[in-house]
Amino acid sequence: MSERTFDRTDPFASFARARGGGRLHKGKVGTFIAAWQARTYIRLSGNREPSWVFFETILPMLSVIAYLYIYRYLSAGSPDADRFVSFVVLGGAMVAFWLSVLWGIANHIFWEKQSGNLELYFVSPVSPMAMMLGMATGSLVSTSLRASATVIVGVFVFGASFSADNVPGALLVLVVALGAVYCLGMCFASIFLVYGREGEHLAHSLQEPVFFAAGFYYPLRTLPAAVQALGAVVPLTIGLDAMRQLLIPGVEGFLPLWVEAAALPLMLVGFAVGAHFSIKHMERKAKREGRLTLRWQ
Amino acid sequence: MGQVAEPAVRTVALGRDFRRRLPKGARKGSGSKFEVTQALEDVSLEIQKGELFGMLGPNGAGKTTLIKILCTLLLPSRGEAYVAGHDVTKDVSEVRQRINMVSGGETSGYGILKVRENLWFFSQLYGVPSEEAKYRIDTLGEILGLTPKFDVRASRISTGERQKMNLIRGFVSDPEVLFLDEPTLGLDVNAARQIRAFVANWVRKERRNTALLTTHYMAEADEMCDRVAIIDRGKIVACAPPHELKKLVQDDVIFTLRVKAPSEGAFEFVRDVQGVRDFAASRSIDGATADLKLVLESEAAIADLMSALAARKVELIALSKSVPTLEDVFVKLVGRGLGADDVVPAQAEAKE
């Protein structure tokens, strides 16, 4: 218990106040940062369930391992075998981020609405962007653990190898690509402000096509040009391709590295601005149509 | 001349419609794809700073819609609404700085987090410095008796404890105006009483804060509120302090009859009994009995009513004369009871 004393009939008189006597708060920017950090904390707290390690880290690795065995079988004896393993391990690690964007950010807004949290976010003075960023940051950290586990298992169990020289450049590409993809996730999330189950269908409908078009488990160059172009809309596709070019010697990208390096920051800015405006627009639409709150209310 | 204080809440001819898409088979003459329901209609009211204002009405009357508009969660279809002088449609950020909202039966928060962590989280949405948030959470927890549950996961606390958690969440930001939407819904008597006392104290101690409380519990509105607005089908039908509202029925003679309930609609005959001004009927949960709330012109009417009941072989279980309550006011003004299971609409309009 704090040392301040209070009158039980008027505990509010003991609350600290701002200089002018108004409500004490950290200011607009301070509140934004505080809410961002708090929402990140919530997301990370989900990891305190021990089952998380099994369900979020070990289990998803099985699909990556399945691909590894397929390539091992198909390329047995080929000099390209090791390259394929590295290729799949990197793709498998990035899959985790795409799933986290779809289900941990976008679709999660639907859950927040159902549980009644969403309306409390919107009653508070903080920008919804702070909430979204908090969710994104928390997801990013959690998912990085899963992605790291995939890479570690890939390297130590399946013998994946990467060029150490370009690791700093690849990390930079990773950071920018993830920034862009999480901003894209925030754009999706804004759709869930207005739409409920329909939004869930959207998430489902985006999952498999992106798996297909982003080339998580195979070279994108093998796909028709139209599919390549579609895949390039998702920053993960370009980021993954750039990282493969940097880390796996001899890999040919579907776009030149310099084009990808230039496109990623543009995508980051574009999706960040897009997220800001789409959240604003969708909030207004949801308020007009009465969709920010639960129907039973 | 002294400056007139800005009301804490002000609405001017506020209206809100909801559109519902009709299934193809249900489209009528005009062929319109949508059915429009007026949830709020021409609502104009002023709530002064330091006032505990109640909105009393049955389910679906428009209470929650009004709160959602004032909390900036819903845009009005017509009219204007201001909180602390700020337009809820234009100065959204200014309004949100000053308000908080607590709803009954709320399931917000994160079950995996401890109660204290949940409260801290929501305090951060208002930018309350962490040390100050901790102090407020400790203080309010001690007063509401929730401190022993602070280290328990929110998913493992009872309904009453959860509502206390919600209430602390509402107060931890130190709002100027608090919106309480049926805050004691589903709570046991003790928990409800504790919450009512806490809220009333918050408003009345120095009259610096304002609360807008919606409820369909008569006693709650009567006991707590400085003024009560009775709302029905989106319209405010009366607005005054509870004692003044009760004056509307002080000359009436009010009786409550409990009878063995016959088939549905069997109370229609009551409207034809000489001397019955208004009545509302509600069945018990098992449907075996029904309570008839009667507003009579004089006690003499009870004899005619007894005869009418006997003639229809309706068995009387209990008869009591009542002190006028807000429910009687509601019955008089609206023409039916507040209970969701009222089976017979009263005849107020028909008789007039």
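Each reported figure results from applying straightforward, stated rules to the coordinates on display, with no laboratory input. Nothing here was measured: the structure is a model prediction, and the numbers come from that model. Neighbour counts run over all protein chains shown; Cβ positions are idealised from the backbone, glycine included.
Using the 10 angstrom Cβ neighbour count as an exposure proxy, how do B:215, A:9 rank, fewest first?
Numbers: B:215 26, A:9 10.
Ranking B:215, A:9 by Cβ neighbours within 10 Å, fewest first, gives A:9, B:215.
Between residue A:80 and residue A:200, what FRET efficiency follows from the Cβ-Cβ distance if R0 is 35 Å, with the result rounded to 0.05?
0.30
At 7 Å along Cα-to-Cβ for each site, give me the label-to-label distance between residue A:207 and residue B:243 in nm.
6.4 nm
If you restrict to DSSP beta bridges whose two residues both lie in chain B, what percentage is antiparallel, to the nearest 5? Don't skip to the answer; put the middle values down first.
Values: 45 of 64 bridges.
Close to 70 percent.
Using the alpha-carbon centroid of each, what span in Å lies between the stretch B:52-77 and the stretch B:255-317?
34 Å
Within a Cβ distance under 14 Å of residue A:143, other residues only, what is the Lys/Arg minus Asp/Glu net charge?
Overall, the nearby charge balance is +1.
Relative contact order for chain B: what is it in percent, counting Cα pairs under 8 Å that are at least 6 residues apart?
18 percent
With labels modelled as points extended 7 Å from the Cα through the Cβ direction, what inter-label distance (nm, one decimal) is found for residue A:273 paired with residue B:153?
4.5 nm
Counting other beta carbons within 10 Å of each residue's own, what order do B:151, B:17 fall into, fewest first?
Fewest to most other Cβ atoms nearby, the residues stand as B:151, B:17.
Pick out, from B:213, B:201, B:241, the residue whose Cα sits farthest towards the positive end of the charge dipole of the stretch B:193-241, with +1 on the Cβ of Lys and Arg and -1 on the Cβ of Asp and Glu.
Farthest towards the positive end: B:201.
Sort A:281, A:25 so the one with the fewest other Cβ atoms within 10 Å of its own Cβ comes first.
Going from sparsest to densest Cβ surroundings: A:281, A:25.
Can you give the FRET efficiency to the nearest 0.05 for residue A:252 and residue B:80, using r as the Cβ-Cβ distance and R₀ = 45 Å?
Details: r = 64 Å, r/R0 = 1.42.
Given R0 = 45 Å and the Cβ-Cβ separation, E is 0.10.
Less than 15 Å Cβ to Cβ from residue B:184, Lys/Arg counted +1 and Asp/Glu -1: what total charge do the surrounding residues give? Walk me through the numbers before you get to the answer.
Working: positive: B:63, B:162, B:164, B:193, B:196; negative: B:106, B:161, B:181, B:182, B:188, B:220, B:222, B:223.
Net charge around residue B:184: -3.
With +1 on the Cβ of every Lys and Arg and -1 on the Cβ of every Asp and Glu, and nothing else charged, how large is the dipole of chain A about its Cα centre, in debye rounded to the nearest 20?
1180 debye
Mind checking which lysines have their C-alpha under 22 Å from residue B:246, skipping anything on the same chain fewer than 8 residues away?
Correct list for residue B:246: B:63, B:235, B:293, B:321, B:332, B:351.
How many Cβ atoms of partner chains, on average, are near each residue of A:242-251 if near means within 10 Å of its Cβ?
0
Taking chain A as a Gaussian network, Cα atoms linked when under 10 Å apart, which of A:26, A:285, A:113 shows the biggest mean-square fluctuation?
Result: A:26 has the largest fluctuation of those listed.
Considering only B:302, B:285, B:230, give the residue with the highest GNM mean-square fluctuation for chain B, with springs between Cα atoms whenever their separation is below 10 Å.
Greatest mean-square fluctuation among the candidates belongs to B:285.
Counting only C-alpha contacts under 8 Å and six or more residues apart, can you give the relative contact order of the stretch B:65-167 as a whole percent? Please report the intermediate quantities before stating the final value.
Working: 92 pairs, mean separation 26.8, N = 103.
The value is 26 percent.
Expressed as a whole number of Å, what is the distance separating the alpha-carbon centroids of the stretch B:105-162 and the stretch A:147-210?
34 Å
Under a Cβ-only charge scheme (Lys and Arg +1, Asp and Glu -1), can you give me the dipole magnitude of chain B about the Cα centre, in debye to the nearest 20?
Details: 49 positive and 49 negative charges, 231 e Å.
Result for chain B is approximately 1100 debye, rounded to the nearest 20.
Sort A:175-184, A:36-45 for me by packing, meaning the mean count of neighbouring Cβ atoms within 10 Å per residue, highest on top.
Most protected by this proxy first, the peptides run A:175-184, A:36-45.
Straight-line reach from residue A:285: which lysines fall under 21 Å, measuring Cα to Cα and dropping same-chain residues less than 8 apart?
Output for residue A:285: A:113, B:33, B:68, B:90.
How far is helix A:197-213 tilted off the main Cα axis of chain A, in degrees rounded to 10, range 0 to 90?
Tilt relative to chain A: about 30 degrees.
Helix B:115-124 versus the longest principal axis of chain B: what angle, 0 to 90°, nearest 10, using Cα atoms?
Long axis of B:115-124 versus the principal axis of chain B: about 70 degrees.
When you look at the Cβ of every residue in B:103-109, what mean number of other chain Cβ atoms sits within 10 Å?
For this peptide, the per-residue mean of nearby foreign Cβ atoms is 5.
P(r) for the protein assembly as shown: what percent of alpha-carbon pairs falls in each 20 Å bin, starting at zero?
The percentages, shortest bin first, are 17, 40, 29, 12, 3, 0.
Along the charge dipole of the stretch B:1-149, pointing to its positive end and built from +1/-1 on Cβ of Lys, Arg, Asp and Glu, which listed residue (B:66, B:125, B:86) has its Cα farthest out?
So the residue we want is B:66.
Quick one: which residues, 5+ away or cross-chain, put their amide H under 5 Å from the amide H of residue B:227? H built at 1.01 Å from N.
B:52, B:54
Assuming a ≥ b ≥ c are the square roots of the Cα gyration tensor eigenvalues, decide whether the stretch B:1-133 counts as rounded (a/c under 1.5), prolate (otherwise, with a/b larger than b/c) or oblate.
oblate
Can you give the local net charge around residue A:90? Use residues other than it whose beta-carbon is closer than 12 angstrom to its beta-carbon, Lys and Arg +1, Asp and Glu -1.
Result for the neighbourhood of residue A:90: +1.
Give me the Kirkwood hydrodynamic radius of the stretch A:50-289, using the inverse of the mean 1/r over all pairs of distinct Cα atoms, in Å to one decimal.
18.6 Å
Averaged over its residues, how many other protein chain Cβ atoms are within 10 Å of peptide A:118-130's Cβ atoms? Before the final figure, lay out each step's value.
On the way: counts 2, 8, 14, 3, 5, 15, 12, 13, 6, 1, 0, 0, 2.
For this peptide, the per-residue mean of nearby foreign Cβ atoms is 6.
Extent of the stretch B:287-334 along each principal axis, from alpha carbon coordinates, in Å, largest to smallest?
Principal extents (Cα only, largest first): 31, 29, 18 Å.
When the dipole is taken about the Cα centre of the protein assembly as shown, and only Lys, Arg (+1) and Asp, Glu (-1) are charged at their Cβ, what size is it in debye, to the nearest 20? Don't skip to the end; give the middle numbers.
On the way: 73 positive and 67 negative charges, 146 e Å.
Charge dipole, the protein assembly as shown, about its Cα centre: 700 debye, nearest 20.
I need to check one value: relative contact order of chain A, counting alpha carbon pairs closer than 8 Å and at least 6 residues apart, in percent.
24 percent
Rounded if a/c is under 1.5, else prolate if a/b is larger than b/c, else oblate: which is the stretch A:102-141, with a ≥ b ≥ c the root eigenvalues of its Cα gyration tensor? Could the numbers behind the result be given before it?
Numbers: a/c = 2.77, a/b = 1.26, b/c = 2.20.
Here the stretch A:102-141 falls in the oblate category.
Apply the Karplus parameterisation 6.51 cos²θ - 1.76 cosθ + 1.60, with θ equal to phi minus 60°, to every residue of the stretch B:98-107 and state each ³J(HN,Hα) to the nearest whole Hz, in sequence, with x for glycine and proline.
9, 10, 8, 9, 10, 10, x, x, 5, 10
What distance in nm separates the two pseudo spin-label positions at residue A:227 and residue B:333, each 7 Å out from Cα along the beta-carbon direction?
6.8 nm
Determine which aspartates and glutamates satisfy two conditions relative to residue B:24: a Cα distance under 13 Å, and not lying fewer than 8 residues away in the same chain.
Here the aspartates and glutamates satisfying the reach criterion relative to residue B:24 are B:35.
Could you go through the stretch B:214-230 in sequence order and give the Karplus-derived ³J(HN,Hα) for each residue, using 6.51 cos²θ - 1.76 cosθ + 1.60 with θ = phi - 60°, rounded to whole Hz, and x for Gly and Pro?
9, 7, 10, 8, 4, 4, 5, 5, 4, 6, 9, 8, 6, 9, 10, 9, 9
From the residues B:326, A:203, B:300, which one has its Cα farthest along the dipole of the protein assembly as shown in the positive direction, the dipole being from +1 and -1 charges on Cβ of Lys/Arg and Asp/Glu about the Cα centre?
A:203
At 0.36 nm per residue, and after removing the present C-alpha to C-alpha distance, how many nm does the segment from residue B:298 to residue B:260 gain when stretched out fully?
Contour length minus Cα-Cα distance gives 11.2 nm.
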